[in-house]
Structures are given as structure tokens and as C-alpha cells.
Amino acid sequence: MFFTKKRVICLLKRIKNTNFAYWIDIMKTNLILIGKTDNKHFQAGIDDYVGRITHYMPFEVTVIPDIKNTKSLTNAQQKEREGEQILKHLTAADTLVLLDEHGRDMRSVEFAAWIEKKRQTANRLVMCIGGPYGFSQAVYDRANEMISLSKMTFSHQMVRLILTEQIYRACTIIKGEQYHHE
């Protein structure tokens with residue numbers, strides 16, 4: 001059976017507006033964190049949003065254990081060790097996006113559009129929240145993009161919760177659900 005380009009686009013739009021969109025969504029999203037979340041209330045919120053996100057797309061969280069004996073390391077040495085661990089979790093095809101104070105600011109609707117665009121172009125989207133001193137130069141060099149959640153500074157523990165909520169919010173915006181209000 002032969003389909004014109006216009007017919008294929010029409011079919012894809014129809015599929016996208018149904019629950020079948022879950023099955024054709026091939027982009028996987030991974031959130032890499034340095035160290036475990038210490039605050040049990042933040043962790044409960046993160047777990048809640050991760051569970052919600054997985055209804056919309058494949059999503060997983062990778063926690064890289066804290067570096068041991070950091071008191072004997074300089075900030076730069078700690079960033080280098082954390083950077084080595086981050087890079088071990090990546091493949092050449094991954095799209096790496098760093099959460100960084102100098103990254104691109106977006107409103108929630110813009111973030112949803114950004115994720116939708118990545119879903120069409122990326123095989124695996126890896127978002128990374130660094131350690132307390134940021135990222136090593138090797139990680140910055142490997143990154144495809146940087147985004148920022150705010151011009152304000154948040155603890156690395158809190159950013160995890162805020163980001164997972166924003167990813168969930170973006171999923172609901174993309175699906176046209178009534179979570180986000182403009």
C-alpha cells in the first residue's frame with residue numbers, strides 16, 4: 001500500500017492524539033544525578049513525578065554515587081572525577097543537556113516545545129544535574145546544550161524535584177492535558 005507524504009502526516013497526527021502515541025515514542029530520557037537525594041520529602045516528590053512521567057515517555061534516573069574522600073580533593077579534582085563518571089554513562093549518539101546557571105532560560109510552554117522537538121530528533125536525551133561545584137570542562141565539551149531552570153540559585157537537591165516536575169508539566173502540555181495553566 002502506498003501513502004502520500006500528506007497522508008502519512010495526517011495519520012501520524014491522528015496517532016499522536018491517541019494513546020498509541022506512547023508506543024511510537026522512541027526517545028528515551030535519562031536524568032543523571034551526582035549523589036543520592038538526602039531529603040526524604042524531595043525524594044518522595046521526585047519519585048512521584050518520575051512515576052507520572054513514565055506514563056508519557058521512557059524515563060529513568062541514574063544516580064552516580066558521591067565521590068569518596070572529597071576533603072582531600074580540590075574543587076577542580078572533584079569536578080574531574082564526577083565528570084569521568086558522567087561520561088561513562090553516555091554513548092556517542094546521546095544528546096547531553098546540562099542543567100547550568102548559564103544555560104538557556106525557558107518558560108514551561110517553551111520547555112514543552114523544546115522536549116517535543118528533541119523527541120523528533122534525539123534517540124536518547126540525557127539531562128544532567130552536576131555536583132556542588134558544577135561540571136568538568138570535559139563534560140561541558142561533550143554537552144550538546146545547556147538549560148537553566150531559573151536565574152536564582154537552588155540547592156542541587158531541590159533542582160532535582162523542580163526539574164522532574166517541569167518534565168512532567170511539559171508532558172502534560174504536549175498532550176494538551178489540564179495540569180498547566182497559562
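Spin-label model, Ala92 to Thr54: label points 7 Å out along the Cα-to-beta-carbon direction sit 3.2 nm apart. All C-alpha to C-alpha distances of the stretch 19-120, sorted into 5 Å bins beginning at zero, yield P(r) values of 2, 9, 15, 20, 21, 17, 9, 4, 2, 1, 0 percent in whole numbers. Protein heavy-atom surface of the stretch 33-182, 1.4 angstrom probe: 50% of the accessible area is carbon and sulfur, with nucleic acids and ligands not counted. Karplus-derived 3J(HN,Hα) values for the stretch 150-159, using 6.51 cos²θ - 1.76 cosθ + 1.60 with θ = phi - 60°, are 5, 7, 6, 9, 10, 5, 5, 5, 5, 4 Hz; glycine and proline are entered as x.
Please work out the average accessible area per residue across the chain, using the 1.4 Å probe convention, and give it in Å². Walk me through the numbers before you get to the answer.
Details: 11070 Å² over 182 residues.
Using a 1.4 Å probe on heavy atoms only, each residue of the chain averages 61 Å².
Counting each pair of different Cα atoms once, what's the Kirkwood radius of the chain in Å, rounded to one decimal?
Numbers: mean 1/r = 0.0567 Å⁻¹.
Hydrodynamic radius (Kirkwood, Cα pairs) of the chain is 17.6 Å.
Net charge around Val63, counting only other residues with Cβ within less than 13 Å of its Cβ (Lys, Arg = +1; Asp, Glu = -1)? Provide the component values of the computation, followed by the final result.
Numbers: positive: Lys36, Arg160; negative: Asp38, Asp47, Glu60, Asp66, Glu82.
Within the 13 Å Cβ shell, the charges total -3.
For the stretch 160-177, the Karplus equation 6.51 cos²θ - 1.76 cosθ + 1.60, evaluated at θ = phi - 60°, returns couplings of 4, 5, 4, 5, 5, 5, 5, 5, 4, 4, 4, 4, 6, 5, 4, 7, x, 7 Hz by residue, with Gly and Pro reported as x.
So which of Lys36/Lys117; Lys68/Lys175; Lys68/Lys118; Lys71/Lys118; Lys28/Lys68; Lys40/Lys88 end up more than 32 Å apart by C-alpha? List each step's numbers first, then the result.
Values: Lys36/Lys117 30 Å; Lys68/Lys175 43 Å; Lys68/Lys118 35 Å; Lys71/Lys118 39 Å; Lys28/Lys68 30 Å; Lys40/Lys88 28 Å.
Going by Cα-Cα distance, Lys68/Lys175; Lys68/Lys118; Lys71/Lys118 fall outside the 32 Å limit.
A simple spin-label model places the labels of Asn144 and Arg104 1.2 nm from each other, with each point 7 Å out along Cα-to-Cβ. Rounded to the nearest 0.05, the FRET efficiency derived from the C-beta distance between Thr70 and Thr121 at R0 = 30 Å is 0.20. Over the chain, Cα pairs under 8 Å with separation of 6+ residues give a relative contact order of 30 percent. Heavy-atom accessible surface of Thr95, to the nearest 10 Å², is about 20 Å², with a 1.4 Å probe and all protein chains retained. Take every DSSP beta bridge whose two residues both sit in the chain; close to 5 percent of them are antiparallel.
The values are calculated or read from the model by the stated rules, or taken from the named source; none is laboratory data. None of the values given here were measured: they were computed from a predicted structure. Cβ coordinates were reconstructed from backbone atoms using ideal geometry, including for glycine residues, and neighbour counts include every protein chain displayed. To get the accessible areas, we keep the full protein, side chains included, count just its heavy atoms, and leave off ligands, DNA and RNA. Shrake-Rupley method; radii C 1.70, N 1.55, O 1.52, S 1.80 Å.
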